[in-house]
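K.L.:
Sharing a structure with you now.
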Amino acid sequence: MGPDPGESPFGRGDPHEFWEPFERFFGPMPRRPFKQRSLGSGFIINKDGYILTNNHVVENADEITVKLANDKEYKAKLVGRDVKTDIAVVKIEGAPDLTVVNLGDSDHLRVGEWVMAIGNPFGLEHTVTAGIVSAKGRFIGQGSYDQFIQTDVAINPGNSGGPLINLRGDVVGINTAIFSRSGGNIGIGFAIPVNLAKELLPELEAKGKVTRGWLGVLIQKVTPDIADSLGISDAQGALVADVVKDGPAAEAGIKVGDVIVEFDGHAVKDSNELPMLVARTGIGKAVKLKVLRDKETKSMSVTVGELKDEEVAEAGSSKESNFGLTVQALTPEIAESLGINSDTKGVVISGIESGSTADEAGLRRGDVILEVNREPVKDMASYRKAVKAAPKAKSVLFLVRRGDNTIFIALKPGE
């Protein structure tokens with residue numbers, strides 16, 4: 001769920017949607033600069049005016065305004081944000097008698113437990129909706145650190161960043177995303193567990209960013225077929241698809257084809273669990289891990305490094321700096337959320353750098369790349385291969401699916 005687009009003379013909606021039919025026949029139309037307003041929610045976490053919300057609510061904002069329940073408005077400053085978990089902290093000054101929420105324990109949340117969401121859906125202020133916890137630990141392809149709480153609470157655009165509250169009045173989650181084909185609620189919403197936010201708050205408030213541990217491996221899920229081919233009885237663990245040269249894993253002796261089944265005493269049942277385990281580990285800490293190699297279990301020691309912005313903790317995300325876009329694997333779940341056939345092959349754009357070549361060409365988050373220079377894109381590997389093979393000085397032709405339409409977009413490599 002993203003910010004609401006601003007008003008246009010033609011009603012609510014993305015201005016690009018209005019021009020697109022004309023540009024399809026007559027080429028790019030001249031446009032005037034315009035400002036967009038983003039609607040979102042948040043909640044006050046201390047008397048000093050600190051407010052917790054989603055990063056995508058305040059991302060790229062020129063100005064942040066907070067409107068309290070008493071209708072008073074305050075200018076806010078961004079204290080810190082974390083793109084990988086979509087969490088941000090802003091602060092307001094001079095607001096007296098602030099009511100602070102109580103941050104609960106999301107680890108004790110149970111499936112079937114009643115919860116409610118408070119937010120600003122479609123600009124309808126202070127709306128409360130209720131439902132139950134449908135599932136925990138959901139991975140929806142949002143990023144490397146997914147562990148969402150799934151609920152059937154009515155969550156809509158504008159609810160982003162608002163609190164998910166249990167019957168004791170404690171905040172247990174931050175409402176963040178929805179599965180929807182229409183943009184509205186269909187009974188499947190996702191919230192970031194509040195315990196994850198509590199882990200990150202000290203660093204966000206002190207440094208404005210989060211420092212994470214780094215192992216230096218690209219991993220993928222161990223499917224039953226992969227387990228069978230490796231002679232493993234259970235489809236568990238994280239399969240090492242690549243090892244970063246001179247990274248912590250390489251120095252420890254981890255090899256491509258190893259299956260990591262335990263990290264620092266924690267069993268790795270699914271590959272999605274490993275990035276979070278590594279991220280939570282202190283920089284420079286020596287940890288024990290167990291891997292399956294040639295049907296044998298080996299114990300190893302690895303010294304955890306620091307994750308830099310340009311490094312990726314798992315296979316499934318790739319940033320092309322020449323174009324300013326970030327892509328990830330197109331899973332059946334993501335395809336369904338985008339309203340396209342679950343059998344569609346390609347990669348989905350998960351991020352666009354503002355002012356980049358991709359941004360100026362009109363690519364958007366949620367676009368699915370089907371071809372690069374007329375070469376089919378079936379997965380992340382074929383995407384990287386096609387981009388790498390593209391001539392450096394020439395435009396690269398992308399075939400993109402957007403909703404029910406496919407369009408060609410040419411990108412010129414950046415300087």
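K.L.:
Please list, or write none, the lysines whose alpha carbon is within less than 24 Å of the alpha carbon of residue 72, excluding same-chain residues fewer than 8 places away.
P.N.:
Straight-distance partners of residue 72: 35, 47, 91.
K.L.:
On full extension of the chain, what length is gained from residue 130 through residue 267, given 0.36 nm per residue of separation minus the C-alpha to C-alpha distance?
P.N.:
Working: separation 137, 0.36 × 137 = 49.32 nm, distance 3.47 nm.
Contour length minus the Cα-Cα distance gives 45.8 nm.
K.L.:
Right, something else. Across 10 Å bins from the origin, how do the percents of Cα pairs in segment 43-109 run, short distances first?
P.N.:
Using 10 Å bins, I get a P(r) of 20, 49, 27, 4 for segment 43-109.
K.L.:
Now for a separate question. With θ taken as phi - 60° and the coefficients 6.51, -1.76 and 1.60, list the Karplus ³J(HN,Hα) couplings across segment 67-73 in order, rounded to whole Hz; mark glycine and proline as x.
P.N.:
Computed from phi, the couplings for segment 67-73 are 10, 7, 5, 8, 6, 7, 10 Hz.
K.L.:
Okay, next question. Only Lys, Arg, Asp and Glu count, each charged at its Cβ (+1, +1, -1, -1), so figure out the dipole size of segment 130-242 about its Cα centre, rounded to 20 debye.
P.N.:
Value, rounded to 20: 360 debye.
K.L.:
Sticking with this structure for a sec: Return the long-range amide H neighbours of residue 218 (sequence gap of 5 or more, or a different chain), with a cut-off of under 5 Å between placed amide H atoms.
P.N.:
241, 242, 243, 244
K.L.:
Between residue 255 and residue 375, take the C-beta separation as r, use R0 = 41 Å, and let me know the FRET efficiency to the nearest 0.05.
P.N.:
0.85
K.L.:
Right, next: Quick one: P(r) of segment 110-176 from all Cα-Cα pairs, 5 Å bins, percents rounded to integers, in order of increasing distance.
P.N.:
Distribution as computed: 4, 19, 28, 25, 16, 7, 1 percent.
K.L.:
Taking Rh as the Kirkwood radius, which is the inverse of the mean 1/r over Cα pairs, what is the Rg/Rh value for segment 165-316?
P.N.:
When Rh is taken as the Kirkwood radius, the ratio is 1.04.
K.L.:
Using label points projected 7 Å from each Cα along Cα→Cβ, tell me how many nm separate residue 75 and residue 298, to one decimal.
P.N.:
Roughly 5.9 nm, to one decimal.
K.L.:
Taking R0 as 35 Å, what FRET efficiency do you get between residue 244 and residue 408 from their Cβ-Cβ distance, rounded to the nearest 0.05?
P.N.:
Efficiency for this residue pair is about 0.55.
K.L.:
Moving on. Taking only protein heavy atoms and a 1.4 Å probe, what accessible area per residue, in Å², does segment 184-242 have with all protein chains in place?
P.N.:
Ligands and nucleic acids excluded, the result is 43 Å² per residue.
K.L.:
So, taking all protein chains as they sit and a 1.4 Å probe, how much accessible area belongs to residue 234, in Å² rounded to tens?
P.N.:
Rounded to the nearest 10, the figure is 90 Å².
K.L.:
Something else now. Could you put 203, 306 in order of accessible surface area, largest first, with the 1.4 Å probe and the full protein assembly present?
P.N.:
Details: 203 50, 306 75 Å².
Result of the area sort, largest leading: 306, 203.
The values are calculated or read from the model by the stated rules, or taken from the named source; none is laboratory data. Just so it is clear, the structure is predicted and the values come from calculations on it, not from any experiment. Here the Cβ is made from the backbone with ideal geometry for all residues, glycine too, and neighbour counts use every protein chain on show. To get the accessible areas, we keep the full protein, side chains included, count just its heavy atoms, and leave off ligands, DNA and RNA. Shrake-Rupley method; radii C 1.70, N 1.55, O 1.52, S 1.80 Å.
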